[in-house]
1. Go through (1) modelled with pLDDT of 95 or more; (2) of a type outside the set (Gly, Ala, Ser); (3) at negative phi one by one and return the number of the condition residue 30 breaks.
2. Give all pairs with beta carbons closer than 7 Å in which a residue from region 153-173 that is within 18 Å of residue 67 (Cβ to Cβ) meets a residue that is of a type in the set (D, E, K, R) and in a helix (DSSP H, G or I); count only pairs at least 6 apart in sequence or on separate chains.
3. Residue 31 - would you say it is over 17 Å from the mean Cα position of the chain (by Cα), more than 23 Å from residue 135 (Cα to Cα) and touching a residue at least 12 places away in the same chain (Cβ under 8 Å)?
4. Could you list, in sequence order, the residues of region 81-109 that are farther than 23 Å from residue 6 by Cα and surrounded by fewer than 19 Cβ atoms within 10 Å (Cβ to Cβ)?
5. So for region 234-256 (the condition being hydrophobic (A, V, I, L, M, F, W, C), surrounded by 13 or more Cβ atoms within 10 Å (Cβ to Cβ) and closer than 19 Å to residue 43 by Cα), does at least one residue qualify?
6. If a residue must be surrounded by 19 or more Cβ atoms within 10 Å (Cβ to Cβ) and either without any contact (Cβ under 8 Å) to a residue 40 or more places away in the chain or among the charged types (D, E, K, R) (or both), how many such residues does region 39-50 contain?
7. Which pairs do you get when a residue that is hydrophobic (A, V, I, L, M, F, W, C), found in region 195-217, comes within reach of a residue that is outside any loop (DSSP other than H, G, I, E, B) and surrounded by 14 or more Cβ atoms within 10 Å (Cβ to Cβ), reach meaning Cβ atoms under 7 angstrom, with the pair 6+ apart or on two chains?
8. Is at least one residue of region 48-69 among the aliphatic types (A, V, I, L, M), touching a His at 6+ places or on another chain (Cβ under 8 Å) and outside any helix (DSSP H, G or I)?
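The values are calculated or read from the model by the stated rules, or taken from the named source; none is laboratory data. Here the structure is a predicted model, which means the values were calculated and not measured. Here the Cβ positions follow ideal geometry from the backbone for every residue, glycine too, while neighbour counts run over all protein chains shown.
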Amino acid sequence: MKVLFIGDVYMEQGRKAFDKYFDSVKAEYKPQFIIVNGENIADGNGLSESIYKDYLKRGVNVFTLGNHTFSRKDYPTVLAFPYVARPANYGPGTVGNEYVTYKYNDKTIVVVNLLGRIFMRDPIESPFLKMDALLKEIKADYIIVDIHAEATSEKLTLAHYLDGRVDAVIGTHTHVPTADDMILPKGTLYLSDIGMTGVKYGIIGGEVDQGIRKFITGVPERVRPEISGPLQFNAVFLDLERRMIKRINIREGESWT
C-alpha cells in the first residue's frame, strides 16, 4: 500500500501550494491512498465543507485534524463527514469520527488522529491509553496514526509505544519538517513532523513582521497569515508493504530533497 500524507495545509497560501504541486507529486509517487492534515486549511481554523468535497474529487481519501478541530461554527457538519478523523482522545460524547476506516480493493486501511498533551491546552485523554483502547476494536490490514502534537519527545515516545502494533506514526502540528524519518525496530514507520504546506518565509505560516513584534514586545496578537512570497509543499511517502518512508520537501528557489 502506497500512501501520500500531506502536511498541515495552511490557509490560502497552503491551498495555493497544494494546487501548484499536488498533481505532479501524485504523478511521480503514484500513491494508492492520500491523507491531508486539514487542521488549518480553512482560514487557519479547521476544515470547511467546500474544501472537503473539492479535495475528495481531486483524489484525497482522508482528512485528519488537530487542536483547531472545533474552531469553526460549522464543525458539527464537517465532523459528520465519513472521511474526516478528528483527534480520538477527546472525551466520550464528542462529535465526529475517532478514526476512519477505508476500503481499497481487498485491503482495509484505518487512519487515527490523536492530539498530544504536552504544551497543549485542551483537557484531553492520554493518547497512549486511548490508542490501546482503539486497538482492541480496530480490525484493519494497515493502521496509520497522525499524532498532532507540540513536543517531539511525546511523538517519538508514542511511536515506540506503538511500534509493531501500527504501520506508521506520523507527526503534524509544528509546521516545521523534521529529518528523522525512520523504521523503528519492530517495523513501524515514523516521522516527527511532516511540516506545513503554504508560504515558505512566514513564521510557521504567520506574518513575519507580526511574529517579530510579538516576540519583542510580548504582547499577544491574533496570528495573521503571511500572504506573499515563495511557497513550500511538505509531505511524506509511505510504502507500507516494503516498509519504506521518504520525505517530500519542495521549497521554491531550492532543489528537491
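1. Of everything listed in (1) modelled with pLDDT of 95 or more; (2) of a type outside the set (Gly, Ala, Ser); (3) at negative phi, residue 30 misses just condition (3).
2. As it stands, the answer is 171/155, since those pairs meet every condition given.
3. In short, no.
4. Selection gives 91, 92, 93, 94, 95, 106.
5. no
6. Keep residues of region 39-50 that are surrounded by 19 or more Cβ atoms within 10 Å (Cβ to Cβ), which gives 39-42, 44, 46-47.
Cutting the leftovers down to either without any contact (Cβ under 8 Å) to a residue 40 or more places away in the chain or among the charged types (D, E, K, R) (or both) gives us 39, 41-42, 46-47.
The qualifying residues number 5.
7. Filtered contacts from region 195-217: 196/14; 196/234; 199/13; 199/231; 203/211.
8. yes
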